[in-house]
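Structure first, commentary second.
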Amino acid sequence: MINKQESARDAGWSVDGVTLHSRLLLGSASYPSAQSMRDAIVASEAEIVTVGLKRIASGGEDQSFVPTLLDTLRESGGRLLPNTAGCYDARSAIETAMMAREIFQTNWVKLEVIGDRDSLQPDPVELVEAARVLVRDGFVVWPYCTDDVVSCKRLLDAGCAVLMPWGAPIGSGQGLLNPFALQALRKSMPQATLIVDAGIGAPSHAAQAMELGFDAVLLCSAVSRARDPVEMAGAFAAAVQAGRSAWRAGVIGKSERAIPSTPVGA
């Protein structure tokens with residue numbers, strides 16, 4: 001359940017006319033069991049959970065987890081966000097999004113078009129092309145992108161509802177490798193909905209993203225691969241709330257010189 005006192009101070013955020021209160025989005029892959037996935041989702045208080053159609057279609061454990069995932073979201077009132085993970089060109093991503101809409105009955109899609117197999121960095125050209133096509137076809141597009149301001153502006157121009165710049169390569173757990181770029185992106189797009197996605201490994205990383213003024217964070221491996229996914233999910237929920245509160249309160253600026261907390265007379 002969302003902390004009521006926190007919710008009273010935070011009016012939430014909205015996408016496609018849907019008001020959301022949790023600022024933590026969770027992935028559904030790589031959990032040790034369907035039960036641990038379910039319990040982690042509940043502990044995280046996440047209202048949006050992602051699922052990869054290609055991963056499910058390939059069979060294996062993730063496919064068997066889907067009924068549990070759908071039941072958990074029905075019980076909590078959460079929403080599914082299908083993603084196009086595993087796609088390396090616009091055409092494949094578009095086709096995958098179309099299939100996901102038919103299967104899951106949602107026009108929301110997390111758009112992933114990978115350009116480099118080692119870093120899993122998004123392909124900015126193919127990503128924008130896929131976004132334009134999907135937006136024209138009625139999708140609410142959430143693109144996974146880099147922190148490049150020019151690429152992000154092109155995605156907004158294409159009609160994307162949300163931007164999801166990476167903090168670090170997917171699954172690396174390195175945190176925010178370039179907070180300067182992320183902060184610059186936030187300042188250049190004050191009205192855009194921005195979510196840090198990928199690379200977050202610890203609750204402190206999530207809190208840092210929220211302190212920079214981002215609207216939410218999305219993570220998966222940091223929870224699913226933790227020794228105790230359920231406890232870690234709760235830790236991230238608390239960190240996201242703390243980071244958001246710190247941003248609202250106003251984090252003090254850095255100084256190269258010491259500033260006495262208790263000024264004394266000359």
Inset, instruction - Under a 10 Å cutoff between Cα atoms, tell me which one of 153, 254, 54 has the largest fluctuation in the Gaussian network model of the chain. - result: 254
Legend entry - Computed FRET value (nearest 0.05) for residue 64 with residue 180, which takes r as the C-beta separation and R₀ as 35 Å: 0.25
Legend entry - Surrounding net charge for residue 15, when Lys and Arg each add one and Asp and Glu each subtract one, Cβ distance under 13 Å: 0
Inset, instruction - Kindly express, to the nearest 10 degrees and within the range 0 to 90, the angle between helix 124-136's C-alpha long axis and the longest C-alpha principal axis of the chain. - result: 70 degrees
Inset, instruction - Report, in whole Å, the centroid distance computed from the Cα atoms of region 204-266 and region 103-151. - result: 28 Å
Legend entry - Cα-centred dipole magnitude for the chain, charges only on beta-carbon of K, R (+1) and D, E (-1), debye, nearest 20: 580 debye
Inset, instruction - Mind pulling the per residue volume of the convex hull built on the Cα atoms of region 70-135? Å³ is fine. - result: 90 Å³
Inset, instruction - Multiply the residue separation of residue 13 and residue 259 by 0.36 nm, subtract the distance between their alpha-carbon atoms, and state the gained length in nm to one decimal. - result: 84.9 nm
Legend entry - Formal net charge of residues neighbouring residue 139 (Cβ-Cβ distance under 11 Å; K, R +1; D, E -1): +2
Inset, instruction - Measure nothing but the geometry: give the 0 to 90° angle between the long axis through the Cα atoms of 229-249 and the longest principal axis through the Cα atoms of the chain, rounded to 10°. - result: 50 degrees
Inset, instruction - Leaving ligands, DNA and RNA out of it, report the carbon-plus-sulfur percent of the accessible area of the chain at a 1.4 Å probe. - result: 51 percent
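Quick one: what do you get for region 144-193 if you divide its Cα Rg by 2.2 N^0.38 Å?
Compared with the compact-globule rule of thumb, region 144-193 sits at 1.12.
For region 199-259, just run the numbers: alpha carbon Rg, then divide by 2.2 N^0.38 Å, N being how many residues it has. Write out the running numbers ahead of the final one.
Details: Rg = 13.4 Å, N = 61, 2.2 N^0.38 = 10.5 Å.
That ratio works out to 1.27.
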Legend entry - the chain: most fluctuating residue of 230, 49, 66 per GNM, C-alpha cutoff 10 Å: 66
Legend entry - Rule-of-thumb Rg ratio for the chain [Cα; 2.2 N^0.38 Å; N residues]: 1.01
Legend entry - Accessible surface, the chain, averaged per residue in Å² (probe 1.4 Å): 48 Å²
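Evaluate E = 1/(1 + (r/R0)^6) for residue 204 and residue 99, where r is the Cβ-Cβ distance and R0 equals 35 Å; express this FRET efficiency to the nearest 0.05. Display every interim value, and only then the final one.
Numbers: r = 37 Å, r/R0 = 1.07.
It comes out at approximately 0.40.
With charges set only on the Cβ (+1 for Lys and Arg, -1 for Asp and Glu), what does the dipole of region 146-200 come to about its Cα centre, in debye to the nearest 20?
On the way: 4 positive and 4 negative charges, 28 e Å.
Dipole about the Cα centre, nearest 20: 140 debye.
Do any GluC sites (Glu not before Pro) in region 191-266 lie in a loop, going by DSSP, with at most 16 other beta-carbon atoms within 10 Å of their beta carbon, and if so which? Mind showing how you got there, number by number?
On the way: sites: 211, 231, 256; in loops: 256.
Those satisfying the criteria are 256.
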Legend entry - Spin-label pair residue 246/residue 91, simplified geometry with 7 Å Cα→Cβ offset, distance in nm: 4.7 nm
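The values are calculated or read from the model by the stated rules, or taken from the named source; none is laboratory data. In this text the structure is predicted, and so the values were computed from the model without any measurement. Cβ: placed from backbone, ideal geometry, glycine included. Neighbour counts: every protein chain shown. When the accessible area is computed, the model is the full protein with side chains, heavy atoms only, and any ligands, DNA or RNA have been set aside. Shrake-Rupley method; radii C 1.70, N 1.55, O 1.52, S 1.80 Å.
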